[in-house]
Amino acid sequence: MDESAANAYAAKGASPVVRKANQAFAQIQPRREPLSSASAWATAYGNWSKVEGNAATASSEIQSRYGGLAAGVDYRPTPGTVFGFALGGSDGNYSLANGLGDGKVTVFQAGAYGSVSANNLYAAFALAYGQHSVDTTRVVTIAPGNIAGSFDPYSMSLRSELGACYTIQQVSITPFIAVQGQRYVVPAYRETGAGAAAPLALSVMASTTDQLRSELGLWFDLRTFGTPGQDIKLRARVAWAHQYADQPTTTSSFAAFPAVPIHCWCRRRWNGAFSGT
């Protein structure tokens, strides 16, 4: 019997019992998923903030606004493992109260990240680099005129996170602990001014600020059912964060008095606080 005849017999000549057994066996065969897969994503973000001034420390109210876009690619070599990279850009500006000054910043960012999970445990990490372009304008009141500055700082950051996920029906609760470090480097630069304000332009020395932050908190995930075949996931996070940071300092001098240094210590915003998203 040749191959075609054998196939014809298998399709037509086999007994009904055999045919039904073959159909049942085919239905329970596991689906073969690809061993690896890749996907792309994109997101937009923005923020507005306001920090009150303090007359006792001669600080002014400051408002800041920024927004940006980020996109990346995820690669999953095995179930429960994902690695990826991302690129992003943002644009922002700030302004001081009473028209005392303003500025803008453009940021390019690149990063890599990954996570590994087993059962309900997971470990994740992220690395990021940011290149900033900053332009500032100061209004001088004692000598009418504006003073402008421009510099290009950069930042590097690292975050690692460990957690365990527990699911009850459509709700997932994930206790986690995380550590995050960041270094911000500002190169030396000089301001420029015209007219009576020119002697008050600053020459600013290079500086480096390191920050270390720890977090202990909870992730909450609620999965709801949308259109057939699609789920909607709502996510929230609450954590206690403690920041161990260098006190940012700058050393500068006026163009008219280059031999007289000016030392500034920036106020720390907080050491520990609750945060949520």
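The values are calculated or read from the model by the stated rules, or taken from the named source; none is laboratory data. Since we're looking at a predicted model, the values are computed, not measured. Cβ: placed from backbone, ideal geometry, glycine included. Neighbour counts: every protein chain shown. Please note that ligands, DNA and RNA were not included when accessible areas were found on the heavy atoms of the full protein model with its side chains. Shrake-Rupley method; radii C 1.70, N 1.55, O 1.52, S 1.80 Å.
Computed quantities for the displayed model
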| item | result |
| --- | --- |
| Contacts under 7 angstrom Cβ, first residue in the stretch 140-155 being closer than 21 Å to residue 129 by Cβ and part of a strand (DSSP E or B), partner polar (S, T, N, Q) and at pLDDT 80 or above, 6 or more apart | 154/131; 155/182 |
| Within the stretch 241-260, considering residues that are part of a loop (DSSP other than H, G, I, E, B), in contact (Cβ under 8 Å) with a residue 24 or more places away in the chain and not charged (D, E, K, R), the one nearest to residue 182 (Cα to Cα) | 248 |
| Pairs, first surrounded by 13 or more Cβ atoms within 10 Å (Cβ to Cβ) in the stretch 113-127, second in a strand (DSSP E or B) and among the charged types (D, E, K, R), C-beta under 7 Å, six or more apart | 124/161; 125/159; 126/159 |
| Per-region count, the stretch 136-158, residues under 23 Å from the mean Cα position of the chain (by Cα) and open to solvent by 50 Å² or more (accessible area, probe 1.4 Å) | 4 |
| Condition check for residue 210: acidic (Asp, Glu) and surrounded by 16 or more Cβ atoms within 10 Å (Cβ to Cβ) | no |
| Which listed residue, of 195, 181, is open to solvent by less than 70 Å² (accessible area, probe 1.4 Å) and closer than 26 Å to residue 262 by Cα | 195 |
| Test result for residue 90, of a type in the set (Gly, Ala, Ser) and over 25 Å from residue 172 (Cα atoms) | yes |
| Residue match in the stretch 181-195 (condition: part of a loop (DSSP other than H, G, I, E, B) and at positive phi) | no |
| Whichever residue in the stretch 54-101 is over 18 Å from residue 266 (Cα atoms) and of a type in the set (Asp, Glu) and, among such residues, is least open to solvent (accessible area, probe 1.4 Å) | 74 |
| Positions within the stretch 122-176 being among the β-branched types (Val, Ile, Thr) and farther than 30 Å from residue 224 by Cβ, in sequence order | 134, 136, 137, 139, 140, 141, 142, 147 |
| Among (1) modelled with pLDDT under 90; (2) farther than 25 Å from residue 146 by Cβ - the single one residue 46 does not satisfy | (1) |
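Residue-wise test of (1) more than 20 Å from residue 132 (Cα to Cα); (2) crowded, with 16+ Cβ neighbours inside 10 Å; (3) in contact (Cβ under 8 Å) with a residue 12 or more places away in the chain.
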position	(1), (2), (3)
161	yes, yes, yes
164	yes, no, yes
187	no, no, yes
201	yes, yes, yes
234	yes, no, yes
239	yes, yes, yes
